[in-house]
Structures are given as structure tokens and as C-alpha cells.
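Peer 1: I am attaching a structure below and will ask some questions about it afterwards.
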Amino acid sequence: MSIIEAKILKSVETNKLNPTILGERKWYNYFIRVTELVWNRNFHDGYLIEVYNKKYGRHLCSVTI
């Protein structure tokens, strides 16, 4: 687990990052995109959080919650 993934998971647990707010936004020094995941069969619904570098738009990591 990378440092960014740990930071996201901790922020979700402490309610500093609300995954129910969908879309793109700035978060600390990152640009994040939150997408709702809806599965057709036998999987749990959740959220996909993609983290990008704010300055260059380079993809850093993806976290599924």
C-alpha cells in the first residue's frame, strides 16, 4: 500500500474525504476523481477514487472502496 492510498483510506474513515460527492476536485496537493461503482452480479457497490498529480495530471494511484 502506498502512502497516498493510506492517506485516502484514513481520510475516508475520519470523514475528511466524502466519497459520496462524485466528480473531480482538488484534494490537498492532488487532483482526484470519484466514480460510483455499481456491479451487476454478486459484487459490492462502492467507489473508485483516482488520484492525479495536480501539476502535470499524471496518474498516481487508484483506490476502490
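The values are calculated or read from the model by the stated rules, or taken from the named source; none is laboratory data. Nothing here was measured: the structure is a model prediction, and the numbers come from that model. Every residue, glycine among them, receives a Cβ derived from its backbone with ideal geometry; neighbour counts consider all protein chains shown. The accessibility values were calculated without ligands, DNA or RNA, using every heavy atom of the protein model including side chains. Shrake-Rupley method; radii C 1.70, N 1.55, O 1.52, S 1.80 Å.
Peer 1: Given (1) within 25 Å of Gly57 (Cβ to Cβ); (2) not in a strand (DSSP E or B); (3) not polar (S, T, N, Q), where does Arg25 come up short, assuming only one miss?
Peer 2: It fails just one condition, (2).
Peer 1: Sticking with this one: Within segment 40-47, is even one residue in contact with a Leu (Cβ under 7 Å, 6 or more places away or on another chain) and surrounded by 12 or more Cβ atoms within 10 Å (Cβ to Cβ)?
Peer 2: Within segment 40-47 (the criterion being in contact with a Leu (Cβ under 7 Å, 6 or more places away or on another chain) and surrounded by 12 or more Cβ atoms within 10 Å (Cβ to Cβ)), the answer is yes, since at least one residue qualifies.
Peer 1: Any residue in segment 49-61 that's in contact (Cβ under 8 Å) with a residue 24 or more places away in the chain and within 16 Å of Pro19 (Cα to Cα): show its pairings with residues that are open to solvent by 90 Å² or more (accessible area, probe 1.4 Å) and assigned to a strand (DSSP E or B) at Cβ separation under 8 Å, as long as the two are six or more apart or on different chains.
Peer 2: That search, which allows pairs on different chains as well, returns Ile49/Thr64.
Peer 1: Then there is this: Do the conditions hold for Ile4, that is, is it within 13 Å of Ile65 (Cβ to Cβ) and either touching a residue at least 24 places away in the same chain (Cβ under 8 Å) or part of a strand (DSSP E or B) (or both)?
Peer 2: In short, no.
Peer 1: Condition first: touching a Gly at 6+ places or on another chain (Cβ under 7 Å) and either in a helix (DSSP H, G or I) or of a type in the set (S, T, N, Q) (or both). Can you find one or more residues in segment 54-65 that meet it?
Peer 2: Yes, because at least one residue in segment 54-65 is touching a Gly at 6+ places or on another chain (Cβ under 7 Å) and either in a helix (DSSP H, G or I) or of a type in the set (S, T, N, Q) (or both).
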